[in-house]
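Asker: Shown below is the structure under consideration.
The values are calculated or read from the model by the stated rules, or taken from the named source; none is laboratory data. Predicted model only: the values in this text are computed from it and were never measured. Positions of Cβ are generated from backbone atoms using ideal geometry, with glycine treated the same way; all protein chains shown enter the neighbour counts.
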Amino acid sequence: MSAIYIMWLRQLKRHFRSKARLIGSLGQPLLFLLGFGFGFGSIYQRAGGGSYIQFLAPGIIAMSVLFTAIFSGIEVIWDRQFGFLKETLVVPVSRLQIMLGKTLGGATVATIQGLFVFFISLLVGFRPTNLSLLPLAFLFMFLIALVFTAVGTAIASTLTDMHAFQLIMNFLVMPLFFLSGALFPLEGLPKVMSLIVSLNPLSYGVDGIRGALIGIFNFGVMFDFMALLGSSIIFLFLGSFLFGRIEA
């Protein structure tokens with residue numbers, strides 16, 4: 001447990017040591033909130049959807065968690081290239097503990113990032129409808145972070161080239177985001193689109209956060225929770241297996 005805690009603490013220090021990195025990571029969510037929220041707000045309202053900021057903010061919160069979580073996997077490649085990973089792997093603790101510590105650290109950082117975006121969304125006009133459900137929203141943020149930190153670590157464990165990781169992430173991250181219901185309602189989609197959305201773990205995270213914050217669930221709170229919990233277990237096992245085979 002001490003090894004897991006040390007790796008968790010190390011991940012937090014690495015992220016928050018750079019103020020430029022922290023501020024820069026908030027730029028994209030803010031752009032989406034302002035650009036999409038106010039740009040398409042009038043269209044969404046005329047279509048009978050109400051306030052688009054209210055609908056959009058939970059999706060952008062989930063987006064910020066997703067991006068921060070999955071790109072934390074880059075650090076595995078970074079550590080390998082500069083020799084830090086070799087020093088870590090020779091420590092007399094299991095690779096499972098190292099992987100769990102790194103994953104929990106990345107998930108914690110991504111959750112904190114989501115909290116920052118949540119408070120920014122309050123500044124642009126978003127208002128939760130039930131404050132008592134805020135802890136549930138934060139729980140869904142952490143589950144999203146856990147799933148996709150494990151995904152990022154699993155993918156990075158099989159790669160040695162930083163550019164290859166970025167290429168794969170671009171083909172993975174953006175479709176995950178755009179096909180999660182973060183930007184548009186899920187009702188009335190074509191069957192193929194509905195199937196793709198239902199296979200996307202982020203869909204359940206977005207639905208869980210949106211339901212907790214504004215009371216609109218598409219799949220149901222228990223189904224969202226179980227889908228994310230199951231996904232986190234699967235990807236943690238997969239990430240542990242691939243990280244255990246890594247060669248520094």
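Asker: Pairs only if they're at least six apart or on different chains, beta carbon under 8 angstrom, first in the range 131-150 and in contact (Cβ under 8 Å) with a residue 60 or more places away in the chain, second outside any helix (DSSP H, G or I) and of a type in the set (Ser, Thr, Tyr); list them, first residue then second.
Answerer: The qualifying pairs are THR149/SER72.
Asker: Related question: Return a yes/no flag: does the range 125-138 have any residue that is part of a helix (DSSP H, G or I) and of a type in the set (Val, Ile, Thr).
Answerer: To start, the set of residues in the range 125-138 that are part of a helix (DSSP H, G or I) comprises 131-138.
Adding the requirement that they be of a type in the set (Val, Ile, Thr) leaves none.
Taking every residue of the range 125-138 in turn, none turns out to be part of a helix (DSSP H, G or I) and of a type in the set (Val, Ile, Thr).
Asker: Can you list the helices (runs of 4 or more DSSP H) lying wholly within the range 5-110 that have 3 or more residues being at pLDDT 80 or above?
Answerer: So the answer is 27-39, 52-71.
Asker: MET174 passes all but one of (1) more than 13 Å from the chain's Cα centre (by Cα); (2) of a type in the set (A, V, I, L, M, F, W, C); (3) under 26 Å from TYR44 (Cα atoms); which number fails?
Answerer: Failed condition: (1).
Asker: Look at ASP161 and say whether it is charged (D, E, K, R) and surrounded by 13 or more Cβ atoms within 10 Å (Cβ to Cβ).
Answerer: no
Asker: Something else: Residues that are in contact with an Asp or Glu (Cβ under 6 Å, 6 or more places away or on another chain) and either at pLDDT 90 or above or farther than 22 Å from ALA69 by Cα (or both): does the range 223-235 have at least one? Quick ask: steps written out before the conclusion?
Answerer: At the first step, the residues of the range 223-235 found to be in contact with an Asp or Glu (Cβ under 6 Å, 6 or more places away or on another chain) are 224.
If we keep only those that are either at pLDDT 90 or above or farther than 22 Å from ALA69 by Cα (or both) as well, we get 224.
Within the range 223-235, one or more residues are in contact with an Asp or Glu (Cβ under 6 Å, 6 or more places away or on another chain) and either at pLDDT 90 or above or farther than 22 Å from ALA69 by Cα (or both).
Asker: Within the range 155-248, which helices (runs of 4 or more DSSP H) (wholly inside it) include 3 or more residues that are closer than 23 Å to LEU56 by Cβ and of a type in the set (Val, Ile, Thr)? Write out each step before concluding.
Answerer: Numbers: elements: 162-178, 191-199, 201-214, 221-244.
Answer list for the range 155-248: 201-214.
Asker: Would you mind telling me which numbered condition in (1) under 20 Å from PHE118 (Cβ atoms); (2) of a type outside the set (Phe, Trp, Tyr); (3) surrounded by fewer than 22 Cβ atoms within 10 Å (Cβ to Cβ) VAL147 fails?
Answerer: Status for VAL147: all satisfied but (3).
Asker: Can MET99 be described as under 22 Å from GLY244 (Cα atoms) and surrounded by 18 or more Cβ atoms within 10 Å (Cβ to Cβ)?
Answerer: Answer is yes for this residue.
Asker: Kindly list, by first and then second residue, each pair from a residue in the range 154-181 that is free of Cβ contacts under 8 Å to residues at least 24 places away in the same chain to a residue that is acidic (Asp, Glu) and part of a helix (DSSP H, G or I), limited to pairs with Cβ atoms under 7 Å and residues at least 6 apart or on different chains.
Answerer: Short answer, once both residue conditions are applied: none.
Asker: Going through the range 197-245 one residue at a time, which ones are crowded, with 19+ Cβ neighbours inside 10 Å and aliphatic (A, V, I, L, M)?
Answerer: The answer is VAL197, LEU202, VAL206, ILE209, ALA212, LEU213, ILE214, ALA227, LEU228, LEU236.
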